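What follows is a set of notes on a single structure, which appears directly below.
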Amino acid sequence: MITQIRSWTHDDDIPTMIGRKKVDWSIFEYGTTIPNDFKTFFYRANGDEEIEVGKGKPVTLICDGNLYQASLRNVDQKSASRETLQLRYHSTEIKELMVSRFKHSYEYIYARKPQDPGNKKQVIVPDELAEYIELYSTDIPYTYEIKLVPLQNNHSVQNIWWVNQGGTLTEEREEGIIWAPLTGKGGRSQYHWDTLDEVKQGDIILHYANGSIGYVSKVLEDCVRAQKPSSMSSSNWDEQGRLVRVEYHVLQPKIPLTQFSQNIMELQIDQGPIHSGAGVKQGYLFRFNIEGLQMIQESAPEVNWPEFTLFNQTQTKEKAMVTSLLILEDDGVVDTLKQIQSYISHQGFHYPQGLIENLYLSLKTKPFVILAGVSGTGKTKLVKLFGEALGATGDNHQFTLIPVRPDWSDPSDLLGYKDLSGAFRPGRLAEVLVEASQPANQHKPYFICLDEMNLARVEYYFSDVLSVIETQEWKQDRIVTSKLINHESLLPEDQSVYGDLSIPDNVYLIGTVNMDETTHPFSKKVLDRANTIEFNYIDLQQYPSLALQDEEALLPVHNSFLRSEYLQLVDVYAEYTDLVHTTTEKLVKINHILEGIHSHVGFRIRDSICFYMVYNQRYELLTPDEAFDLQLLQKILPRVQGSSLSVKRVLLKLLEEALGIKHSSFSDLMEDASNIDQEWNDDQEEKKAKHPLSARKIAFMLRRLEEDGFTSYWLS
């Protein structure tokens, strides 16, 4: 099997191979950073010796009989609560060697490297120009043989590109160009616009629009900065952009996407145009390659292709099983969430604005979320579609639906039990945990949907899981928990599979709940450990779009997209001191209010809310007030219930916090608050609230207290 993470590849069929690294700028500067998934291969080459965090070991690199000194360091990244393995040079000789051997990569990157020291944008060398460094183990630990694999063909190799044009095709074809703005809304750039900088004279571009490829072009000049063409003056794009002059050639007949997309998908082109569902990604200019171009040509032999697109057919290679996962930096989170929203919309489902961002932040904060709402609002479907958009489906076993039965009274139905013979009979959850724990799967996210989880008492069948979730801690580069199933309690034949089973950090538990006479309420033990996302306010006038649109699922993402990065408040305190203080001060005021009914919160909820706010600030998803509004709604209000005047007083004080002002008629409302929720039927009034979602919920809870003599977050 071949494992591929970013620019690193490992082939199990080559016994001594540690890894193959695509040359990037770090190779010419200091060495390279090693993906966490590749640590195993380096440690194996070192006699299974692991390097302590913050420590390093001297390394000898052998190349063409010459010895070069380097070191292997396990760098302690305290700000991210993890360590990173790095291979670093100790001499200028090896740097000079890299520059002399990898001339094409050095020239390509240097010409495009941002000159501004603060701009960390990475230049990616196209596959057609890629050069590689390979590392092999020897009989001596910490001594590696390196092989340098420069570009074998000449510098005239053409890059192949794919452009999505749609409504702009006519204008761009008439002017003989492709064009994209430098930035979009909010001053944010897009990687599929930035790629224009890499387009050079002689490159080939495939033009996709309306479900098929209808043109191919040859690039006449390197990309230049240029103002928006006059033909696009009516568009909302910024004036400044990138322009490439091309020569369009019509393809007759047009080549439908369905004719070749499955084959292209299997190529797994880095930043390519085809997603894992064999549809086209949303975006403008994507990377492509000669092999993909030839596949399209072979699928359409009736098309008269221009001579400049014809290459000698490359030799067919055996296809290996490749695990290629998209690893996102912080600035890619917003775009990814937009694509998730787009994918869900294209399936005909519509959810409240901000729900996808909220669900992501909640899962990132802690891998247990409760979705609450009236029956038929699409809670279970949301979990399924969210997972699908990230490459987790029922077919690849990364999405599992577990319907909860009313008769579940202990963990055996979920985790498993020992039969009369002593053999272990696993539950569905245990089976998923086993698969997710496999080394080959640890970088894939697994979603488990506990459907209608409160048909039975959650504390009865889920208590073991709830307790184990709280034992999360870092061990090297992974989050580990205590054991759900002890090794010693099983028969020898079951120990190898289910012994010492825990909850791996790539498993995400989402429970869906309805609140009616057939279900059970939640204890504070459950509520403390989950974000409770409620969507009871339904707009029935949401209709499917009749426009023909392609599906837009993403490439499967690496688990780092969802996995928590903070487990203790100390993990974020140094970097986000002001935000932690501001959030905690708000919680202190709220806690003073909640003390009146003994519902005040502890450190667990404080830390969880701080993490949510930190992630939100990092990714710039919601305003601080919007984010805190959601946390007040999801972590605080579900704890409030009762029938006393003390509960009413607490709700009125919480309402003042949500409004951000002192209510002028507090004493009157203590007498009668039955009409208070009518204020929030007026959109203009709702906009006056600092935290409008919480204010509306509190007002509703107050009205129920007046009318029924009892109130709870869960009453619908």
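Some observations on this one:
- When the residues of the range 175-226 are filtered to those that are of a type in the set (D, E, K, R) and assigned to a strand (DSSP E or B), the one that is farthest from the chain's Cα centre (by Cα) is K218.
- Unmet criterion (only one of (1) touching a Ser or Thr at 6+ places or on another chain (Cβ under 9 Å); (2) open to solvent by 50 Å² or more (accessible area, probe 1.4 Å); (3) not hydrophobic (A, V, I, L, M, F, W, C)) for S375: (1)
- Close Cβ contacts (under 8 Å, 6 or more residues apart or on different chains) running from residues in the range 433-457 that are farther than 19 Å from F561 by Cβ and at pLDDT 90 or above to residues that are among the charged types (D, E, K, R) and open to solvent by 40 Å² or more (accessible area, probe 1.4 Å) comprise L455/R405; A456/R405; A456/D407.
- The lone exception for K366 - which of (1) more than 21 Å from H443 (Cβ to Cβ); (2) open to solvent by 20 Å² or more (accessible area, probe 1.4 Å) it fails: (1)
- Residue that is least open to solvent (accessible area, probe 1.4 Å), among those in the range 564-608 that are more than 19 Å from L652 (Cβ to Cβ) and of a type in the set (K, R): R606
- Qualifying residue in the range 242-259 (condition: free of Cβ contacts under 8 Å to residues at least 40 places away in the same chain and part of a loop (DSSP other than H, G, I, E, B)): no
- Residues considered: D413, D407, D395. Of these, the only one that is under 29 Å from M515 (Cβ atoms) and at pLDDT below 90 is D413.
- Candidates D500, D528 - the one that is buried (at least 17 other Cβ atoms within 10 Å of the Cβ) and either among the charged types (D, E, K, R) or under 29 Å from H10 (Cβ atoms) (or both): D528
- Residue list for the range 194-225, filter: open to solvent by less than 20 Å² (accessible area, probe 1.4 Å), in contact (Cβ under 8 Å) with a residue 60 or more places away in the chain and farther than 22 Å from I290 by Cβ: none
- Scanning the range 390-406 for residues that are hydroxyl-bearing (S, T, Y) and assigned to a loop (DSSP other than H, G, I, E, B) yields a single hit, T393.
Residues are listed down the side, and each one gets a yes or a no for (1) touching a His at 6+ places or on another chain (Cβ under 9 Å); (2) of a type in the set (S, T, N, Q); (3) open to solvent by less than 70 Å² (accessible area, probe 1.4 Å):
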residue	(1), (2), (3)
W8	no, no, yes
M17	yes, no, yes
F28	no, no, yes
A45	no, no, yes
T60	no, yes, yes
G65	no, no, yes
Y68	yes, no, yes
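- Being surrounded by fewer than 17 Cβ atoms within 10 Å (Cβ to Cβ), within 25 Å of R604 (Cα to Cα) and modelled with pLDDT of 90 or more is not true of L509.
- Pairs where the first residue, in the range 158-183, is open to solvent by 10 Å² or more (accessible area, probe 1.4 Å) and the second is modelled with pLDDT under 90 and acidic (D, E), C-beta under 6 Å, 6+ apart: T183/D238
- Across the range 378-409, the number of residues qualifying as within 30 Å of H487 (Cβ to Cβ), open to solvent by less than 60 Å² (accessible area, probe 1.4 Å) and either of a type outside the set (A, V, I, L, M) or under 23 Å from the mean Cα position of the chain (by Cα) (or both) comes to 6.
- In the set (1) at pLDDT below 90; (2) more than 29 Å from V123 (Cβ to Cβ), the condition left unmet by P58 is number (1).
- Scanning the range 407-418 turns up no residue that is assigned to a helix (DSSP H, G or I) and within 30 Å of F628 (Cα to Cα).
- Against the numbered list (1) modelled with pLDDT of 90 or more; (2) among the aromatic types (F, W, Y); (3) closer than 20 Å to N358 by Cβ, F710 comes up short only at (3).
- Candidates S234, S261 - the one that is more than 28 Å from the chain's Cα centre (by Cα) and either more than 30 Å from A389 (Cα to Cα) or crowded, with 19+ Cβ neighbours inside 10 Å (or both): S234
The values are calculated or read from the model by the stated rules, or taken from the named source; none is laboratory data. What you are looking at is a predicted structure, and each value in this text was computed from that prediction instead of being measured. All Cβ positions, even for glycine, are placed from backbone atoms using ideal geometry, and neighbour counts span all protein chains on display. In case anyone asks, the SASA skips ligands and DNA or RNA and just uses the protein heavy atoms, side chains included. Shrake-Rupley method; radii C 1.70, N 1.55, O 1.52, S 1.80 Å.
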